[in-house]
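Novice: My questions all concern the structure below.
Every number in this text was worked out from the coordinates using simple rules, so none of it is lab data. Since the structure is predicted, the reported quantities are computational estimates derived from the model, not experimental observations. With ideal geometry, Cβ positions are generated from the backbone for all residues, glycine too; neighbour counts draw on all protein chains shown.
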Amino acid sequence: LIIDDDPLVLESLRATLERDGHTVAVADGGQAGIDAFIAARQPDDTFDVVITDLGMPHVDGRRVAAAVKAASPSTPVMLLTGWGQRLLDDGDIPAHVDHVLNKPPKLHDLREMDEWKRFANAAVQEELIAKAEALRARFGFDAPEGPKEEDLDKAARELHDIQERWKSVAEAPRAQAQ
């Protein structure tokens, strides 16, 4: 998810990342970005990473980062700002921000930033572990009597979905290395 109030930035980042094989959603401004992120919090419909501008009217990148982390602490948040180097030099990286990108971002920085891909994979894996643990608890796998027989098919389907998502995430770093 890319969040910015500048349509030129939104479209250029979208085009660049889509050309590199990523699925990209954009939001015009901070509140629209928060709304899009919250709306996408359905299973298998979440964003792997959020890239947000810092300076936007009404709802800035700091508030976006805080809202994203409140909803999903494991989702990486990248801050896009014209003051990126100054923030880094001053050690003034806002809370809830995992990485700072200078604005305008260089194509090289976007394409070579494997760090956010690893972040995204780790974040998804953490979420999948939490889902699997919640599934175990919900269906009573840890209870002495075990799960109810009528719940086994549903549990198996949900676990299969988690395993498939895990496989796709686990394959990403391997594919990048080749």
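Novice: In region 132-162, what trypsin sites (Lys or Arg not before Pro) fall in a loop by DSSP, with at most 15 other Cβ atoms inside 10 Å?
Specialist: When the trypsin sites (Lys or Arg not before Pro) of region 132-162 are filtered for loop state and at most 15 Cβ neighbours within 10 Å, Lys148 remain.
Novice: Out of region 125-164, which GluC sites (Glu not before Pro) are coil in DSSP terms and have no more than 14 other C-beta atoms within 10 Å?
Specialist: For GluC sites (Glu not before Pro) across region 125-164 that sit outside H, G, I, E and B with at most 14 neighbouring Cβ atoms in 10 Å, the list reads Glu145.
Novice: List every residue whose amide H lies under 5 Å from the amide H of Met56, counting only residues 5 or more places away in sequence or on a different chain, with H placed 1.01 Å from N in the peptide plane.
Specialist: When sequence neighbours closer than 5 places are left aside, the close amide H contacts are Gly61.
Novice: I've got another one for you. Using the beta-carbon distance between Leu110 and Trp166 and R0 = 30 Å, what value does 1/(1 + (r/R0)^6) give for FRET efficiency, to the nearest 0.05?
Specialist: 0.70
Novice: Right, next: Can you tally the net charge around Ser74? Count Lys and Arg as +1, Asp and Glu as -1, for every other residue whose Cβ sits under 11 Å from the Cβ of Ser74.
Specialist: Summing Lys/Arg as +1 and Asp/Glu as -1 gives -3.
Novice: Check Val26: other-chain or 5+ apart residues with amide H under 5 Å from its amide H, H built from backbone geometry?
Specialist: Residues meeting the criterion, in which the H sits 1.01 Å from N, are Ile2.
Novice: Which FRET efficiency value, to the nearest 0.05, is calculated for Lys148 and Glu126 with the Förster distance at 41 angstrom and r the Cβ-Cβ distance?
Specialist: That gives a FRET efficiency of 0.90.
Novice: Based only on Cα atoms, what mean projected area does the convex hull of region 4-80 have, in nm²?
Specialist: Averaged projected area of region 4-80's Cα convex hull equals 4.7 nm².
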